[in-house]
Amino acid sequence: MTTPAFDGTLTRDWMHRFADSVYATEAELTALDQRVGDGDFGTNLTAGVRAAGHLLDAGGAEAGPSETLGCMATAFLDEIGGTSGPLFGLLFQALSRSASGNGLTSDGLAEGVEQGLAAIRRVGDAAPGDKTLVDALTPAAAALRGASGGTPPDRALSLAADAAWQGVHDTAGLSARMGRASYLGERVTGIPDPGAVGVALLFASAAGPVHTLAPYLPGGG
Amino acid sequence: MARYFENSADGLVPDALSGFARAHADLVEYDPVDGYVTARHTAPGRRVGLLSGGGSGHEPMHAGYVGAGMLDAACPGRVFASPHNRQIYRASLAAARSDGVLHIVKNYTGDRINFGIAAERLADHGITCKRVLVDDDLASDSEEIAAGRRGTGGTVLVEKILGGAADAGLGIEELTELGTAVVSRCRTLAVASAAHHAPSTGERAFDLPAGELEYGVGIHGERADRTRPQESVRALVEDMAGALLDELRPGTDEPVVALVNGLGSVTSLELYGIFGELGQVLDARGIRPARHLVGDYVTALDMRGFSLTLLVAGPAVLDFYDAPVHTPALRW
C-alpha cells in the first residue's frame with residue numbers, strides 16, 4: 001500500500017489557499033501587529049505570498065512538492081524584510097527538503113516542521129513561552145508527529161491547525177521576551193502573537209482559505 | 001543641523017560603495033545587485049572564506065577591510081541596520097572556500113538573526129558555516145542587559161588576526177576557536193562629547209550640554225548609561241584604561257595590542273594625545289603595548305568621540321596580527 005502523499009498539484013493548491021488566507025486577513029494581522037510589534041507583519045507576509053505566487057507560476061504545473069515548497073522558501077527568504085517573514089522561509093526550506101522523494105507525506109510533514117522549528121529556534125534564540133511563532137509551531141509539530149504513519153496529509157494538517165490555534169490562544173496569556181513586543185511588558189498581555197497566527201493560517205489553509213481571524217482569536221481578537 | 005553631501009538618504013550607502021569599488025578596483029569588487037564587496041586577491045593556502053558585515057556608518061569597517069590577508073567579503077546594510085540575509089547568503093556563496101565560510105558577527109540582535117538565517121541556508125546547501133561573535137564592549141557588560149555586550153572597535157583587530165590565521169591555512173574549527181578566544185581577551189570602552197548627525201534629517205541623534213560627555217557609548221548613537229563632566233583627557237584615559245585593564249588583567253609577559261579609535265569627527269591631534277596618555281598608563285603599570293593602531297577604524301558616522309580597545313594577545317596571535325595585509329583601509 002502506498003503512503004498517502006501530496007503531489008505537486010495538491011501542495012500548490014495548499015500554498016495558493018495560504019496566499020488567499022493572508023490576503024483576506026492582512027488588515028487584521030496588521031492591526032494585531034500594531035498593538036504588539038512594528039506593525040509590518042501583515043505587509044511582510046503579504047509580500048511573501050505575492051513573491052511566492054510569481055515563483056510558483058514560473059515553476060509551471062510539473063513542479064513537484066519539493067520544488068513548490070522550495071519556491072516558497074526562496075520567496076520568503078530573499079524578498080521579505082523584517083525578521084518573521086524570513087523565518088517562515090526557513091520552515092518552507094525544511095519542508096522542501098523533507099518532501100523530496102516520495103511527495104509530501106504526513107511523516108515528511110512531521111520531519112519538515114520539526115527541522116524548520118529547530119532552525120527557527122537556533123536563529124531566533126526563542127523558546128516556547130516567549131510569545132513568538134515558536135508557540136504555534138511547537139504544538140503543531142507535536143500534532144504532526146502524533147499523526148504520522150499512514151495518516152493522510154490533509155488529516156495531519158487539520159490536527160496541526162487545531163494545535164497551532166491553541167498555541168495562538170496561549171500566546172495571548174504571555175508577555176514577550178523577544179522583539180519589539182518585549183519593551184511593552186504587560187501591555188501586550190491578552191493580545192496573541194501575529195507570527196503565531198501566521199503559522200496557524202498556514203496549517204489551517206490546507207482545508208480551505210481562512211477569511212477572517214475573528215472566530216479563532218480570544219476575545220474576538 | 002548639518003546636511004550630508006548626498007543625493008538622497010537612501011542613496012548614501014550604494015553610492016558610496018560604487019565609489020569605493022572604483023577607488024580600490026585593484027583590491028575589491030562590488031556586486032550592486034546583491035549588495036556585497038569581495039576581495040580580488042586571497043592567499044592560495046586559505047581554506048576558509050572570512051565574511052563580515054553589519055550596518056553602514058562605521059566606515060572604513062567592514063568593506064575597507066576586504067582584501068588580501070583579511071576579509072574575503074563584506075555585506076554592508078543600510079546605515080546602522082543589519083544586512084538582509086540574502087546579501088549574507090549570496091556573499092557567503094561567493095566567499096566560501098574548501099573548508100567553508102566563517103562569519104564574523106558583532107553582537108546585535110538583528111545581525112545575529114540575519115547571519116543565522118544565512119547560515120541555515122548555507123547548511124541546507126551543504127556549505128560549512130561557523131560564527132565568531134564579537135562582543136567586546138565593556139560598557140554593556142551587565143547582568144541586566146539580556147542581549148549581552150555589544151560588538152564594537154575590537155572587531156577590526158579580530159578580523160585582522162583571523163585573516164592572518166586563515167592565510168596560515170587554519171581550518172574552520174581552529175579559526176572559530178581562535179576567534180572566540182581572541183574576543184574573550186579583547187575589551188573596548190567609548191566616550192562621546194557630541195552625537196552623530198542623522199543622514200535623513202541632518203539633526204544630532206541627541207544633545208549634550210557643553211562640558212559634559214557620555215561615558216560608555218556604542219557605535220550607533222545610542223546614549224550611554226552615564227553622563228559626566230568632561231575633565232582633562234589624562235584623567236579620562238586613566239579611568240577608561242583602568243577599567244579595561246581591571247577586566248582583562250594581562251600578565252606581565254603577555255603582549256597587549258592597543259587601538260585608539262576615532263568615532264568619526266575627533267581630530268588626529270586629539271587621538272595622538274589620547275594615545276600618549278594611554279602609553280603613560282600602560283608604562284606605569286609595567287605593560288608595554290606590543291602593537292598599536294591610532295586613527296578612525298570603526299566609526300559611528302560623525303560622532304565626536306573615541307574608543308580605546310585593548311587586546312591581550314595569546315600565543316601565535318601576534319604572528320597572525322603581524323602577517324601581511326593589503327586592504328583599502330589597512331596595509332602592512
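The values are calculated or read from the model by the stated rules, or taken from the named source; none is laboratory data. Just so it is clear, the model here is predicted, and its values are computed rather than measured. So basically every Cβ, Gly included, is an ideal-geometry build from the backbone, and we count neighbours across all protein chains shown.
What number goes with the only condition from (1) at pLDDT below 95; (2) farther than 17 Å from B:Thr309 by Cβ; (3) not in a loop (DSSP other than H, G, I, E, B) that B:Glu144 does not pass? For B:Glu144, the exception is condition (3). Restricting to the stretch A:163-178, what's the tally of residues that are of a type in the set (A, V, I, L, M, F, W, C), part of a helix (DSSP H, G or I) and at pLDDT below 95? Final tally of qualifying residues: 1. For the stretch B:91-101, state whether one or more residues are small (Gly, Ala, Ser), over 14 Å from the mean Cα position of the chain (by Cα) and within 14 Å of chain A (Cβ to nearest Cβ). Yes; the residues of the stretch B:91-101 include at least one that is small (Gly, Ala, Ser), over 14 Å from the mean Cα position of the chain (by Cα) and within 14 Å of chain A (Cβ to nearest Cβ). Answer yes or no as to whether B:Leu330 is of a type in the set (A, V, I, L, M, F, W, C), buried (at least 18 other Cβ atoms within 10 Å of the Cβ) and assigned by TED's automatic domain parsing to the domain that holds B:Asp207. Answer is no for this residue. On the stretch given as the stretch B:111-152, residues that are of a type in the set (Lys, Arg) and within 14 Å of another protein chain (Cβ to nearest Cβ) total 4.
Comparison of A:Gly59, A:Gly8, A:Gly53, A:Gly48 shows that the only residue that is farther than 16 Å from A:Leu213 by Cβ and within 15 Å of the chain's Cα centre (by Cα) is A:Gly48. Of the residues making up the stretch B:73-90, just one is aromatic (Phe, Trp, Tyr) and within 13 Å of another protein chain (Cβ to nearest Cβ), namely B:Tyr89. Take the conditions polar (S, T, N, Q), part of a strand (DSSP E or B) and under 20 Å from B:Ser52 (Cβ atoms) and apply them to B:Thr176. Does it pass? Judged against the criteria, B:Thr176 is not a match. So for the stretch B:89-104 (the condition being among the β-branched types (Val, Ile, Thr), within 15 Å of A:Gly89 (Cβ to Cβ) and surrounded by 19 or more Cβ atoms within 10 Å (Cβ to Cβ)), does at least one residue qualify? No, that holds for no residue.
Whether a residue is over 13 Å from the mean Cα position of the chain (by Cα) and touching a residue at least 12 places away in the same chain (Cβ under 8 Å) was assessed, and B:Arg150 does not pass this test. All conditions in (1) within 14 Å of chain B (Cβ to nearest Cβ); (2) more than 17 Å from the chain's Cα centre (by Cα); (3) more than 20 Å from B:Asn85 (Cβ to Cβ) hold for A:Asp38, with the sole exception of (3).
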